[in-house]
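Here the structure comes first, spelled out in structure tokens, and everything after it is commentary.
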Amino acid sequence: MTYTRQTFDEVMIQNYNPANFIPVKGKGSRVWDQDGREYIDFTSGIAVNSLGHCPDELVDVLKSQGEKLWHSSNWFTSEPTLALASKLVQHTFAERVMFANSGAEANEAALKLARRYAVDHFGYQKSKIISFKQSFHGRTLFTVSVAGQPKYSDGFGPKPADIVHVPFNDLDAVKAVIDDHTCAVILEPIQGESGIIPAKQEFLQGVRELCNQFNALLIFDEVQTGVGRTGYLYAYQKYGVIPDILTTAKALGNGFPISAMLTTDKISKSFAPGVHGTTFGGNPLACAIGEKVIDIIAQPEFLAKINRTSALFKAELAKLNEKYHLFTEIRGEGLLIGAELIEKFHSKAGDFVSQCAKDGLMILVAGPNVLRFAPALNISEEELKQGFEKLDNALAKFS
Ligand SMILES: Cc1ncc(COP(=O)(O)O)c(C=O)c1O
């Protein structure tokens, strides 16, 4: 039986509309489709395969842990679980870790923890969650309701209550709504899905101070910005603004599903035994991979190289822009880069993605007007060069 893109339309629920080609193999920043056609990957599975496809070190871990223990349930802990948690504690502000399986689940846990902490310490009236317009935090009902994109939360019946949305990077707007009833402020240090919009330094600092003043917890959703993506292990380390709760997912397993919620000892106490849980969270197989990912990415030389590759990547994009004048701005940190299209091409970002695919290059959008580039953090100069040749070919068709 040969499966084709047509099979997708026949047997899959149509909540996605994937590309016409079907990738079957990947190595490093190269991907091959069913016809053996080669692509350079500037997406890394939406900031997930940060060490590239099928890196030898992780394949080794997958095989060796795969022969030992895959799953044990949360009635038993495991060595890889404890090892990964210890490393996350060692490398961040956190004192306690809880594992889950996706970004949405980690955020769901963070929001529930913030609400429960407020109930434990201040009472039920402290339930307001402040969030930002255009933000994205996952697809559970709580996380779509908290995120600032009604198109994802409308049409599912009543939403969780006491959530307010204000413009991102607008400290006065936060000041206007924060009060003693606020239990949490949640934000992405760089808004990813809505167009690669970095938080301003003063904004993050200001929000931190307001949270302190009103005993609200500050939650950083680092699902997309975490695990080295910005050239720091976590983006908060670049800003020097420490959250109370941090969520991480995507690249933590380099494609093997795993996420984590990080917090302090004091806050973690509100998740007493039985208050929250998940069957698969913290399973030994996922954690063994996560531990290796952190071992590699947290090395200072590895992080330093990301910043060098970032400079090169932005310079190449700028060169293409001098040639074709298609972008109004190239922005982002590390290897999370957005190129905003000129007005003529607004709402057309998807056309660029399709054209790039035809030219053998995988790229992403971040909203309708922005091209998003999130290559593997260890992309080689050769892969980068070939990717930019393909991008040049693709962009030429729009100029
Ligand atoms: C900032 C942010 N939070 C949460 C999520 C949701 O993660 P997941 O799709 O793993 O549930 C995403 C996914 O793109 C994200 O970018």
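Remarks
- Subset of the stretch 233-245 [within 16 Å of the ligand (Cβ to nearest atom) and under 14 Å from the mean Cα position of the chain (by Cα)]: TYR234, ALA235, TYR236
- Within the stretch 150-173, the residues that satisfy the criterion of being outside any strand (DSSP E or B), in contact (Cβ under 8 Å) with a residue 12 or more places away in the chain and within 21 Å of LYS200 (Cα to Cα) are PRO167, PHE168, ASN169, ASP170, LEU171.
- Within the stretch 227-243, residues that are buried (at least 24 other Cβ atoms within 10 Å of the Cβ) reach partners that are part of a loop (DSSP other than H, G, I, E, B) and among the polar types (S, T, N, Q) with beta carbons closer than 8 Å, at six or more positions or on different chains, in the pairs VAL227/SER50; GLY228/SER50; ARG229/SER50; LEU233/THR92; TYR234/THR92; TYR234/THR225; ALA235/THR225.
- Among all positions in the stretch 165-187, there is at least one residue which is within 12 Å of the ligand (Cβ to nearest atom), under 22 Å from THR230 (Cα atoms) and surrounded by 17 or more Cβ atoms within 10 Å (Cβ to Cβ).
- In the stretch 316-353, residue surrounded by the fewest Cβ atoms within 10 Å (Cβ to Cβ) [restricted to those that are in contact (Cβ under 8 Å) with a residue 24 or more places away in the chain and among the small types (Gly, Ala, Ser)]: GLY334
- Test: residue in the stretch 31-40 that is touching a Phe, Trp or Tyr at 6+ places or on another chain (Cβ under 9 Å), modelled with pLDDT of 95 or more, among the basic types (Lys, Arg) and surrounded by fewer than 18 Cβ atoms within 10 Å (Cβ to Cβ): yes
- Among the conditions (1) of a type in the set (Ser, Thr, Tyr); (2) surrounded by fewer than 24 Cβ atoms within 10 Å (Cβ to Cβ); (3) within 12 Å of the ligand (Cβ to nearest atom), THR248 misses just one, which is (2).
- Condition broken by ALA19, with the remaining ones in (1) closer than 18 Å to GLN355 by Cβ; (2) free of Cβ contacts under 8 Å to residues at least 60 places away in the same chain; (3) not β-branched (Val, Ile, Thr) satisfied: (2)
- Among the residues here, ASN321 does not qualify as in a helix (DSSP H, G or I) and over 30 Å from ASP33 (Cα atoms).
- Residue within the stretch 41-51 that is farther than 16 Å from GLY290 by Cβ, of a type in the set (A, V, I, L, M, F, W, C), modelled with pLDDT of 95 or more and in a strand (DSSP E or B) present: no
- Residues located in the stretch 1-51, provided they are among the basic types (Lys, Arg) and over 22 Å from ARG372 (Cβ atoms): ARG5, LYS25, LYS27, ARG37
- For the stretch 90-114, the set of residues classified as in contact (Cβ under 8 Å) with a residue 60 or more places away in the chain, surrounded by fewer than 21 Cβ atoms within 10 Å (Cβ to Cβ) and part of a helix (DSSP H, G or I) consists of HIS91, LYS112, listed by residue number.
- Residues in the stretch 188-217 that are closer than 21 Å to ILE242 by Cβ, of a type in the set (Val, Ile, Thr) and within 16 Å of the ligand (Cβ to nearest atom): ILE190 only.
- When the residues of the stretch 115-143 are filtered to those that are crowded, with 24+ Cβ neighbours inside 10 Å, part of a helix (DSSP H, G or I) and not aliphatic (A, V, I, L, M), the one that is farthest from the ligand (Cβ to nearest atom) is TYR117.
- Residue check, LEU371 in a loop (DSSP other than H, G, I, E, B) and surrounded by 19 or more Cβ atoms within 10 Å (Cβ to Cβ): no
The values are calculated or read from the model by the stated rules, or taken from the named source; none is laboratory data. Since this is a predicted model, take the numbers as computed values, not measurements. Cβ atoms come from the backbone with ideal geometry, glycine included; neighbour counts cover every protein chain shown.
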